[in-house]
Amino acid sequence: MSSITTRDAPRGFSLQEYLTCLTGIVWREGLRFLHQRERFVSALVRPLVWLFIFAAGFRQVLGISIIPPYETYILYEVYIAPGLMAMIQLFNGMQSSLSMVYDREMGNMRTLLVSPLPRGFLLFCKLLAGTAVSLLQVYAFLLIAWLWDITPPPSGYLTVLPALILSGLMLGSLGMLISSGIKQLENFAGVMNFVIFPMFFASSALYPLWRVQEGSPYLYYLCEANPFTHAVELIRFALYGQVNWISLAVVAACTIVFMIGAILAYDPSRGLARRGPAGGEG
Amino acid sequence: MTSPAPITEPRETPGLDPATVPALSIDGVSHSYGPRRALMDVSFNVQPASFTALLGLNGAGKSTLFSLITRLFGIQSGRVGIFGHDISKTPGEALRLLGVVFQPRTLDLDLSLTQNLLYHAALHGISRREAAARSGELLGRIGLSERAASKVRDLSGGQMRRLEIARALLHRPRLLLLDEPTVGLDVKARADIISHVRQLVTEQGIGVLWATHLFDEIMPGDDLVVLHQGKVLAQGPMSRVIAEAGAQDVNTAFMRLTGAQTVPGGGA
């Protein structure tokens, strides 16, 4: 067994140590996910209900004209698939944050935060781990959707991956930012209503924005300003091997802003600690 | 049983004489939650290879102090050093030398014992192979080798505590903090944990800060810090604290100190 080297002089951390830490956090998140099968099932059932029931019923009501990235007339199911993929990530991002609130209450967050590695890095790992879990869910959804005749080009399954990672990080860091402002688990239900549903409905997930514009210009501007719209469009274009540059820029910028915000909010000297001891004092 | 890997090798750091650098130094630390002051100008040291009992009732500020030492909360005023590393300025170097057992349980109940240990090792950047070897060794030392693959959920309270202590030792810290680790355990489990931790002090030279409100966990020869309503009322070797309070035992000394609210002179 290797002996301990002199540790009193600051020696920093090697790249290897960072990577070990990152894989450890992702591995643990994966294990926890496997132990929560009902979470996986509900993560899949939600978009499938939209796909099988809502989309089937809505198909006759809403005609979709040919809009990029589609080159032909498409079924409504095909149109909302990317929106549902983003929805999976939206819920997962919020749920990961919920688990962080829960973890904090259970004291598990303490285990993470007393790691000697920089706190910002630890939180980034946590976000990446949450995103990895969302990828499992999205690809499981894509598999079922394929059986339902939603068949993007085969290469699309690969090109959509970077888009999913970025949108997963954006929604995860948004969730983390929100969760750091929540003290009680119950308050999270309010966040679902005030964040998840407005974000989902005021976006291009369920209807093309030109349709919205016909109905209400103001709502259109709101949808355009909604980062979730851009996550959906980024995924939609990537699934067909294209890049929507505006959406890419918006999602990337929002990811950076949300992530910095989330990390700062977790900073003990500026965030939580001011409000009092986390998890009860002895 | 098996002799543990060397923890206290001679250290050669220019400017820091190992003989005089305390394992933990708390220097003028105060902390408030809004208007409520939880800690007021707290100062004391924990020496390497010593057992220091932090004695205080519930609400004395022990957990706040632990949150500050572990960098969970930012330091508002004062300084916390671990083997000379300032927790605010070089938290990485300081936390590397620190092992901690929090009062609430912080294990993943659905994961196995080994998985819990491997996760902790990863958080410290310890490679998987090395982590597996150390986990096996530590599980052996706490007598839970056969349970390595069981879920933590199936352990008893005492076993969970022992696992948490093993986990805290996985990265081979030289300072160990324990926040009321025996609360809720039966007599046997309590005795096991106390003797295990005392062994770490004598055999491995680890500095221990043991927060408690149970007087019978303290032994002659321990260092004592009496914390009451956020203030240090007395500190020093147990015999001195008792003598200065004009008492016969810790219990009476504590009652006199906290009842009278007088701060005896003398500090480390």
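Each reported figure results from applying straightforward, stated rules to the coordinates on display, with no laboratory input. These numbers were taken from a predicted model, which means no experiment stands behind them. Neighbour counts run over all protein chains shown; Cβ positions are idealised from the backbone, glycine included.
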Note to self: Just to be sure I understand: with springs between alpha-carbon atoms less than 10 Å apart, which residue in B:Ile69, B:Ile126, B:Ile87 has the highest mean-square fluctuation in the Gaussian network model of chain B?
What the structure shows: B:Ile126
Note to self: Between B:Ser150 and A:Met192, what is the label-point separation in nm under the 7 Å Cα-to-beta-carbon projection?
What the structure shows: 3.6
Next item on the list: Calculate how many DSSP beta bridges within region B:172-268 are antiparallel, expressed in % of all such bridges and rounded to the nearest 5.
Entry: 55
Check: What value does region A:112-224 have for Rg/Rh, both radii from Cα atoms and Rh as Kirkwood defines it?
Finding: 1.04
Check: Which of the listed residues, B:Leu139, B:Ser195, B:Gly158, is farthest toward the dipole's positive end in region B:121-203, when Lys, Arg count +1 and Asp, Glu count -1 at the beta-carbon?
Finding: B:Leu139
Note to self: To check you understand DSSP bridge types, tell me what percent of the beta bridges within the protein assembly as shown (both residues inside) are antiparallel, rounded to 5.
What the structure shows: 55
Note to self: Going Cα to Cα from B:Lys62, which lysines come in below 23 Å? Please leave out same-chain ones fewer than 8 positions away.
What the structure shows: A:Lys183, B:Lys89, B:Lys231
Notebook entry, point to check: Per-residue mean of other chain beta-carbon atoms within 10 angstrom of the beta-carbon, peptide B:167-175?
Noted result: 1
Checklist line | Theoretical FRET efficiency, 1/(1+(r/R0)^6), r = Cβ-Cβ of B:Arg240 and A:Ile260, R0 51 Å, to 0.05 | finding: 0.50
Check: Which of the helices in chain B meet the span-like rule: DSSP H, Cα axial reach of 24 Å or more, Kyte-Doolittle mean at least -1.0?
Finding: B:187-204
Next item on the list: Determine the gain in length on full extension of the stretch B:Ser127-B:Leu109; use 0.36 nm per residue of separation and subtract their C-alpha separation, reporting nm with one decimal.
Entry: 4.2 nm
Checklist line | Shielding by partners, peptide B:70-83 (average Cβ within 10 angstrom, other chains) | finding: 3
Note to self: Taking beta carbons within 10 Å but only from partner chains, what does the mean come to for residues B:59-69?
What the structure shows: 3
Item checked: Charge dipole magnitude, Cβ of K and R +1, D and E -1 - chain B, Cα centre, debye nearest 20 -> 540
Check: Can you give the helix-only mean residue ellipticity at 222 nm for the protein assembly as shown, where every DSSP H stretch with n ≥ 4 adds -39500 (n - 2.57) and the sum goes over all residues, rounded to the nearest 500 deg cm²/dmol?
Finding: -16000 deg cm²/dmol
Next item on the list: Take every DSSP beta bridge with both residues inside chain B and express the antiparallel ones as a percent of the total, to the nearest 5.
Entry: 55
